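In what follows, a single structure is set out as structure tokens and then discussed.
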Amino acid sequence: MSPAEAPILEAIEISKSYGARRALDNVSLAVRPGEIAGLLGPNGAGKTTTLSILATLLRPDSGRILIDGKPTDPRGLGHMLGLVPQSLALYPTLSAAQNVWHFARMQGLSRDEATDSCKRALDEVGLIERAGDPMHAFSGGMKRLLNLACGVVHRPRVLLLDEPTVGVDLQSREQLLTRIRHYADAGAAVIYSTHYMEEAERICDRVLLIDRGKLIAEGDLEKVISLGGGRPRIELTYRGQLPEVRFGRLAGVREVGATGIEGKATLEVNSLGHVAEVLQGLRTLDVNVIDFNLHSPNLSDAFIALTGHTLRDQVL
Amino acid sequence: MLRAIWLTAQNEARLLIKDPIVLFMLLFAPVVIITVAGYSLGSLYGGSANSFRLPVVDLDHGKLADRIVEALRKEHPITLEMLDDPDEARRLVSRRDRTPVAMVIPAGTSAAIAAGGEPRLILFVDPVRRVEVNALELHIDELCRRVTEQARMAAQSQIESFGAQQALMLPGDLGFVEHPAIEGEAVTVNAFDQYVPGFGVTFLLIGMMLGIALTLFDERDWGTLKRLQVSGAPLTGLLLGKLFARFIVGIVQMVLLIAVGWALFGITLGRNPLALIIPTIGISFAAAALGLVVASIATAHDSVMPLGVTISMAMAAIGGCWWPLDFEPAWMRELARWMPTTWTMQAFNDLMIRHQPPSAALRPLAATMGIGVIFLGAGLIRFVSLND
């Protein structure tokens with residue numbers, strides 16, 4: 001399902017301070033049905049504060065929350081929100097079914113609805129066979145899947161996910177991402193907070209990059225990557241000597257990250273369409289290229305370019 | 001090796017100093033319990049005893065009665081209160097108004113002893129305050145012995161003065177007999193009648209405080225509390241739901257303990273065993289509310305245990321769960337009036353030992369519930385303000 005035009009949930013110029021520290025500064029964002037919006041940012045950037053405000057756990061100091069374009073009391077949003085927190089918000093001694101059923105009931109579902117929804121949610125995440133087992137007996141990946149099932153059991157219109165794949169193996173991560181995509185395809189608006197850029201690249205339709213409490217970049221993947229200013233790179237392995245000017249005669253080429261290792265060089269080019277021309281140019285320079293890797297700019301490059309290398313935990 | 005020992009010891013000391021909970025357990029908690037126990041049980045070890053009011057009814061109006069009253073006036077811890085009506089004296093004991101014992105000197109006591117008989121003073125006693133009764137009876141027993149001795153010496157000197165010309169008799173022995181202050185109740189108590197509800201309440205408090213406070217910390221740590229809050233359920237509703245479940249568990253716990261006490265130790269269940277549910281409801285409610293207070297003031301999971309146990313034990317001790325309230329000095333008894341344990345134990349004693357009707361437990365219930373409401377309000381306000 002392609003994202004519809006009208007957002008379900010909008011945050012308009014929300015701000016939040018903790019004492020003298022401004023955690024969020026006039027952040028506006030919106031999420032539409034069928035869309036997965038990736039909420040990215042370094043530690044302490046304001047992601048958790050944003051999610052907490054959207055999840056109605058925190059009240060913003062200023063700004064508005066709109067539901068279907070109308071101002072709404074955040075306290076009445078519970079039934080349409082599903083939260084999958086980073087910590088496993090589960091009862092360890094209860095069975096998988098008891099966990100899901102309890103949250104279904106708390107979301108306002110009747111007994112029958114809760115029973116049906118519980119089965120459906122456990123089936124969707126592949127835990128129906130283990131429904132009667134206590135949560136503490138589950139593997140890390142299964143716990144994460146159960147955590148997801150508890151967040152979606154009531155079929156929320158907005159799904160808020162806070163690093164749902166932390167600490168799980170590749171198989172479980174694969175299954176989680178597939179399920180999340182499925183929920184979005186079924187019409188849910190998803191806000192997905194993560195530190196894993198490859199995950200965001202894989203499932204997010206749009207990226208919201210937040211840093212120091214401000215929304216510093218927003219748009220689809222291509223747009224945000226381009227905002228990072230990154231360019232394609234060619235990692236060369238060559239034999240023999242380079243000309244004295246090295247790669248200086250090649251138009252639109254800049255040697256970057258010189259390793260000093262003889263036989264290796266990294267070239268940055270203007271665009272992917274320019275790569276063939278550069279390789280041809282290397283031949284005219286009599287550079288004996290024996291291997292090369294092409295590296296397209298990705299979200300990680302843009303993230304670092306836009307947020308810098310400073311360790312935020314140290315700064316904060 | 002020595003270096004490792006030294007460095008480890010240094011670091012351990014550093015950790016200890018930085019852990020206020022450990023310091024609390026090491027120093028403050030024992031000081032609280034020692035203070036309560038020391039003041040409460042001090043008189044048992046020869047410390048300053050409490051003073052007692054002793055209502056006395058003189059129906060004899062003879063010389064012997066005068067001597068008894070005069071001797072009682074000289075007893076240091078006893079304050080005499082002369083009454084005319086034995087029923088009034090009895091009522092004072094049954095009202096537990098600092099009068100564990102009342103004395104009646106029956107009509108004809110002086111004449112009976114002069115005639116060589118063995119008259120008996122009547123003591124109305126409160127069986128719940130057996131230790132105090134025993135302490136007072138020691139004084140009265142000694143007094144009877146002295147009075148008898150004096151009467152004998154007077155008779156002896158009379159015999160010596162008159163020789164054998166008159167048929168004078170030596171006085172008999174003066175003694176006393178116990179009567180229950182409330183018609184139909186026993187004058188002695190099965191110790192388990194005190195200890196089953198007393199320790200039942202103690203463990204109810206400990207279980208309730210730890211149970212509620214720890215599960216609330218668990219919910220916070222697990223993240224389930226946040227998830228539930230997101231569902232739109234008001235935090236106050238979530239808390240009250242938890243307290244209600246624990247409140248029911250507390251009632252079941254207390255009922256089972258009393259049933260076990262009855263089956264194993266033969267405790268008295270009073271006129272109407274069902275009435276025991278009244279103080280049980282009160283203390284379960286107050287303890288659940290207090291559990292919320294502990295959850296709201298404990299700074300971390302680890303601080304719940306020392307805080308909860310110390311509060312529970314101090315409250316149980318001061319409230320008369322471990323020993324009769326009248327052991328305690330006046331200031332501690334005044335403090336006890338603000339504790340739910342005090343009113344609960346009063347209700348249990350009234351119903352089980354004093355065989356009072358269920359209505360006797362209503363005032364203690366109101367007091368316990370009132371204190372519980374204060375705890376509940378304070379706990380809700382603080383917990384919600386910290387977590388909502």
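More than 37 Å apart: what percent of Cα pairs in chain A qualify? Please report the intermediate quantities before stating the final value.
Numbers: 15017 of 49770 pairs.
When all Cα pairs of chain A are counted, 30 percent exceed 37 Å.
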- Task: Could you state, as a whole-number percent, how many of the C-alpha pairs of segment A:7-115 are farther apart than 21 Å?
- Result: 46 percent
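Would you mind ranking A:Leu39, B:Leu376 by Cβ crowding within 10 Å, fewest neighbours first? Write out the running numbers ahead of the final one.
On the way: A:Leu39 28, B:Leu376 21.
Listed from fewest to most nearby Cβ atoms, that is B:Leu376, A:Leu39.
For A:85-94, what's the mean count of beta carbons from other chains sitting within 10 Å of each residue's beta carbon?
Details: counts 6, 1, 6, 3, 9, 4, 5, 3, 0, 1.
Partner Cβ neighbours, averaged per residue: 4.
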- C-alpha center-to-center spacing [segment B:176-249, segment A:217-293] in angstrom: 74 Å
- How big is the Cα convex hull of chain B in projection, averaged over all directions, in nm²? 27.7 nm²
- For residues of B:376-387, the mean tally of beta carbons on other chains within 10 Å: 0
- With Cα coordinates, the longest principal axis of chain B makes an angle with the long axis of helix B:235-265, in degrees rounded to 10, of 40 degrees
- Message: Which residue, A:Leu40, B:Ser161, A:Gln86, has the largest displacement toward the positive end of the dipole of the protein assembly as shown when charges sit on each Cβ (Lys, Arg +1; Asp, Glu -1)?
- Response: A:Leu40
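Students often get this wrong, so check it: of A:Lys47/A:Lys143; A:Lys70/B:Lys226; A:Lys119/A:Lys143; A:Lys16/A:Lys70, which have C-alpha atoms separated by over 19 Å? Before the final figure, lay out each step's value.
Numbers: A:Lys47/A:Lys143 23 Å; A:Lys70/B:Lys226 25 Å; A:Lys119/A:Lys143 16 Å; A:Lys16/A:Lys70 21 Å.
Flagged as over cut-off: A:Lys47/A:Lys143; A:Lys70/B:Lys226; A:Lys16/A:Lys70.
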- Note on the structure: Computed on Cα atoms, the radius of gyration and Dmax of segment B:294-388 in angstrom are 15.6, 48
- Taking amide H positions as placed 1.01 Å from N in the peptide plane, with prolines and chain starts having none, which residues 5 or more places from B:Arg53, or on another chain, fall under 5 Å of its amide H? B:Thr79
- Report, by chain and number, residues whose modeled amide H sits under 5 Å from the one on A:Leu208, excluding near sequence neighbours (fewer than 5 apart, same chain). A:Gly38, A:Leu39, A:Leu40
- Nearest 10, in degrees from 0 to 90: the angle of helix B:301-318 to the longest Cα principal axis of chain B is 10 degrees
- Size of the protein assembly as shown as Cα extents on the principal axes (Å, biggest first): 161, 67, 46
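Treat every Asp and Glu Cβ in the protein assembly as shown as -1 and every Lys and Arg Cβ as +1, leave all other atoms uncharged, and give the resulting dipole magnitude about the Cα centre to the nearest 20 debye.
Working: 65 positive and 73 negative charges, 240 e Å.
Computed about the Cα centre, the dipole is about 1160 debye.
Remind me, relative contact order of segment B:270-361 in percent, using alpha carbon pairs under 8 angstrom and six or more residues apart?
Numbers: 80 pairs, mean separation 38.3, N = 92.
Value for segment B:270-361: 42 percent.
With a ≥ b ≥ c the root eigenvalues of the C-alpha gyration tensor of segment B:324-371, is it rounded (a/c under 1.5), prolate (a/b larger than b/c) or oblate?
Working: a/c = 3.16, a/b = 1.37, b/c = 2.30.
Because a/c hits 1.5 or more and a/b fails to exceed b/c, segment B:324-371 counts as oblate.
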- Note on the structure: For segment A:170-177, in residue order, the Karplus 3J(HN,Hα) values (coefficients 6.51, -1.76, 1.60; θ = phi - 60°; whole Hz; Gly and Pro = x) are 4, 5, 5, 4, 4, 5, 4, 5
- The farthest towards the positive end of the charge dipole of segment B:250-385, of the residues B:Met345, B:Leu307, B:Leu362, given +1 on Cβ of Lys and Arg and -1 on Cβ of Asp and Glu, is B:Leu362
- Task: Mind sorting A:Met142, B:Met82 by how few other Cβ atoms lie within 10 Å of their own Cβ, fewest first?
- Result: B:Met82, A:Met142
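What list do you get for A:Ser226, B:Ser110 if you sort them by fewest beta carbons within 10 Å? Let's see the in-between values first.
Numbers: A:Ser226 14, B:Ser110 22.
Placing the least packed residue first, the sequence is A:Ser226, B:Ser110.
For segment B:190-387, what number results from the quotient of the Cα radius of gyration and 2.2 N^0.38 Å? Intermediate values should be presented prior to the final figure.
Working: Rg = 17.1 Å, N = 198, 2.2 N^0.38 = 16.4 Å.
Against the compact-globule rule of thumb, the ratio is 1.04.
How high is the relative contact order of chain B, in percent, counting Cα pairs under 8 Å that sit 6 or more residues apart? Let's see the in-between values first.
Working: 576 pairs, mean separation 66.9, N = 388.
Computed over chain B, the figure is 17 percent.
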- Whole-Hz Karplus ³J(HN,Hα) for segment B:70-87, in order, using 6.51 cos²θ - 1.76 cosθ + 1.60 and θ = phi - 60°, x for Gly and Pro? 4, 5, 5, 4, 8, 6, 4, x, 9, 10, 7, 9, 7, 10, 9, 10, x, 5
- Estimated vicinal HN-Hα couplings, Hz - segment B:358-370 in sequence order (Karplus 6.51, -1.76, 1.60; Gly, Pro = x): x, 4, 5, 8, 6, 5, x, 4, 4, 5, 5, 5, x
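Sort largest first and round to whole Å: the equivalent ellipsoid semi-axes of segment B:190-299, each the square root of five times a Cα gyration tensor eigenvalue.
33, 13, 10
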- Sort all Cα-Cα distances of segment B:46-180 into consecutive 10 angstrom bins from zero, then give the percent of pairs in each bin up to the one containing the longest distance. 12, 42, 29, 12, 4, 0
- Query: Expressed as a rounded percentage, what relative contact order does segment A:233-296 have, with Cα pairs under 8 Å and six or more residues apart?
  - Reply: 51 percent
- Query: Per residue of B:273-286, what is the mean number of Cβ atoms on other protein chains within 10 angstrom of that residue's Cβ?
  - Reply: 0
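Over all distinct Cα pairs, what is the inverse of the mean 1/r for segment A:155-276, reported as the Kirkwood hydrodynamic radius in Å? Walk me through the intermediate numbers first.
Numbers: mean 1/r = 0.0558 Å⁻¹.
Evaluated over segment A:155-276, this radius sits at 17.9 Å.
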- Short to long, in 10 Å steps from zero, the percent of alpha-carbon pairs of segment A:121-162 per bin is 29, 55, 16, 0
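Every read-out reported here was derived from the displayed coordinates using simple, explicitly stated rules and does not represent laboratory data. This one's a predicted model, so the numbers in the text were calculated from it and none came from an experiment. Cβ sites come from the backbone with ideal geometry, for glycine too, and all protein chains shown count toward neighbours.
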